[in-house]
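Data first, discussion second: the structure below is written as structure tokens.
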Amino acid sequence: MRFLVDTQCWLWLQASPERLLPEVVSLLEDPANDLLLSAASSWEVAIKYALGKLPLPEPPARYVPARMAASGTRGLAVEHAHALRVAELPTHHRDPFDRLLIAQAQIEKLVLVTVDRQFERYEVRIRLAR
């Protein structure tokens, strides 16, 4: 199965996996499944780190790639089709990063792992992580 993990869940998976449901952690750690992190999530991490809203043990430019490699996470580029799909989404959710993740999951036919129940209002396959 192919999972796109939202930013918050991916950060928790790296530093505090106990915050996620154990069965979700097992799914995400299973090498038979593809774990994807959007470039939009890296952008979100970088912005929050720069604003002092996200403490990390090292700068995002080192932290994110190192944790991606250690967890077997592959990157998902933001394509024009992903960005343009956002305009077609209903406005159930206003967070631009989350809306982009929803668009990516729709287009790429991915299961979106999240703790945000607002995602359930969209036509996207989700797996709630807690």
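The values are calculated or read from the model by the stated rules, or taken from the named source; none is laboratory data. Quantities reported herein were computed from a predicted structural model and do not represent experimental measurements. Neighbour counts run over all protein chains shown; Cβ positions are idealised from the backbone, glycine included. These accessible areas exclude ligands, DNA and RNA; they are computed on the full protein's heavy atoms, side chains included. Shrake-Rupley method; radii C 1.70, N 1.55, O 1.52, S 1.80 Å.
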Whole-percent carbon and sulfur contribution to the accessible surface of the chain (1.4 Å, no ligands, DNA or RNA) stands at 54
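Give, to the nearest whole percent, the P(r) tail of the chain beyond 27 angstrom, counting all Cα pairs.
The calculated P(r) of the chain puts 13 percent of pairs beyond 27 Å.
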The set of residues whose placed amide H lies less than 5 Å from the amide H of Arg125, leaving out same-chain residues fewer than 5 positions away, is Leu112
Counting only heavy atoms of the protein chains, get the accessible area per residue of region 1-87 (1.4 Å probe) and round it to a whole Å² value. 55
Could you tell me which residue out of Leu54, Leu100, Ser16 lies farthest along the dipole of the chain toward its positive end? Charges go on the beta carbon: Lys and Arg +1, Asp and Glu -1, centred on the Cα centre. Leu54
Extension gain (nm, one decimal) between Ala32 and Ile47, 0.36 nm per residue minus Cα-Cα: 2.2 nm
log10 of Debye I(q)/I(0), alpha-carbon scatterers only, for region 1-54 at 0.23, 0.24, 0.26 Å⁻¹: -0.90, -0.95, -1.04
Computed on Cα atoms only, the convex hull of region 56-130 has an orientation-averaged projected area in nm² of 5.9
Here, His80 and Ala15, labelled 7 Å along Cα→Cβ, have an inter-label distance in nm of 3.7
For region 1-105, listing chymotrypsin sites (Phe, Trp or Tyr not before Pro) in a DSSP loop whose Cβ sees at most 15 other Cβ atoms within 10 Å gives none
